[in-house]
1. What percentage of all Cα-Cα pairs in the range 128-192 are separated by more than 19 Å?
2. Quick one: grab Rg to one decimal and Dmax as a whole number for the range 190-328, Cα atoms only, in Å.
3. For the range 1-134, with every protein chain kept in place, what is the accessible area per residue (1.4 Å probe, Å²)?
4. Residue separation times 0.36 nm, minus the C-alpha to C-alpha distance between LEU267 and HIS63: what's the value?
5. Tell me which lysines have Cα within less than 24 Å of LYS87's Cα, excluding those fewer than 8 residues away on the same chain?
6. Mind checking the range 1-68 for GluC sites (Glu not before Pro) that DSSP puts in a loop (not H, G, I, E or B) and that have at most 15 other Cβ atoms within 10 Å?
7. Quick check: Cα centre of the range 159-230 to Cα centre of the range 7-45, how many Å?
8. Could you compute the FRET efficiency for GLU22 and GLU112, with r as their C-beta to C-beta distance and R0 at 35 Å, rounded to 0.05?
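The values are calculated or read from the model by the stated rules, or taken from the named source; none is laboratory data. All figures in this text were calculated on a predicted structure; none of them were measured in a lab. In this analysis, Cβ positions are derived from the backbone assuming ideal geometry, glycine residues included, and neighbour counts consider all displayed protein chains. To get the accessible areas, we keep the full protein, side chains included, count just its heavy atoms, and leave off ligands, DNA and RNA. Shrake-Rupley method; radii C 1.70, N 1.55, O 1.52, S 1.80 Å.
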Amino acid sequence: MSDNSFPKVRLRRLRRNAKVRELLQEVRLSVSDLICPVFVQEGIQKPESINSMPGMMRLPLEHLAGEVKDITSLGIPAVIVFGIPSKKDEHGTSAFDDNGIVQRAVSLMRKEVGDQLAIVTDVCLCQYTTAGHCGLVNDGTIDNDRSIETLAKIAVSHARAGADMVAPSAMMDGQVKAIREGLDSNGFNEVAVMSYSAKHASPLYTPFRDAAHSAPKFGDRKSYQLSYTNPNEAMREIELDINEGADIVMVKPAIAYLDLIYIAKKLFNIPVAAYSVSGEYALVKAAGRQGWIDEDAVIHELLTAIKRAGADLIITYFAKQAAKFLAR
Ligand SMILES: [Zn+2]
């Protein structure tokens, strides 16, 4: 019998009281890990609540200042901005309009909080096109190469408005390269690219589509988003994005994809972001409302699990709630 076993070894010694446990805690969730999503909608007068995402709102520009002050005062270091334009067209022109909803939101936030907040923008076409797909549609199919030119234009317009980072989420091939080149040739070589590299076609996005009015008008997104059955393909997507110049890679969704976060972090020496999506939020909120779970405790466990898997950053609708309980 080895010497290093019971009764000489008793792991419970290190769990015997709260202070000993605190000293030995390995993974510590911090407010600095969190990025808070913000939905800004053009043409509304008052904040609109999102049915399937209790506590989340679509905000008019006029309410944005208050919201970002709130977020910064909670110690959350970053936001990711999603825009809902009043006009959509075939080419998604409102997405790269310097006077568009995201562009105005970014410059307003910058004016309001200066460098007290990192501003990330979602770069995609689905909210801005009549077809509601993440790429431009040509004859019923997604035109990859024309789409990435437009995505680059969107990213440059967000950078011009003052974004620190752009986050392409369209899952078009070559989008990171096109965006990096667009940014660099327009003098924005300091703007980072956080790529939604391993974005999966997931039914867990449904509440978001309700929030951002971005459901596709025909078909689904399986010709560009990954299948959750293909972990090797997900790693190839991540590797390609790194080669194209991504500064941060992302796995989306998060809670059902902890293995992919873990593998990505082990394989690639690069910051990994995880996007805990609207369905993950809705499940916890629904059970919390019924009194079936202790919401704060469950949120703490889930976010810690995402960090434990290897995520350096977590985009989460729980950001404000978590910031409050982490401060207690
Ligand atoms: Zn999209």
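1. That fraction is 30 percent.
2. 15.6, 47
3. Per residue, the range 1-134 has 53 Å² of solvent-accessible surface.
4. 69.2 nm
5. Within the straight-line limit of under 24 Å, LYS87 reaches these lysines: LYS46, LYS153, LYS217.
6. GLU26
7. First find each Cα centre; the distance between them is then 28 Å.
8. Computed FRET efficiency for GLU22 and GLU112 comes out at 0.40.
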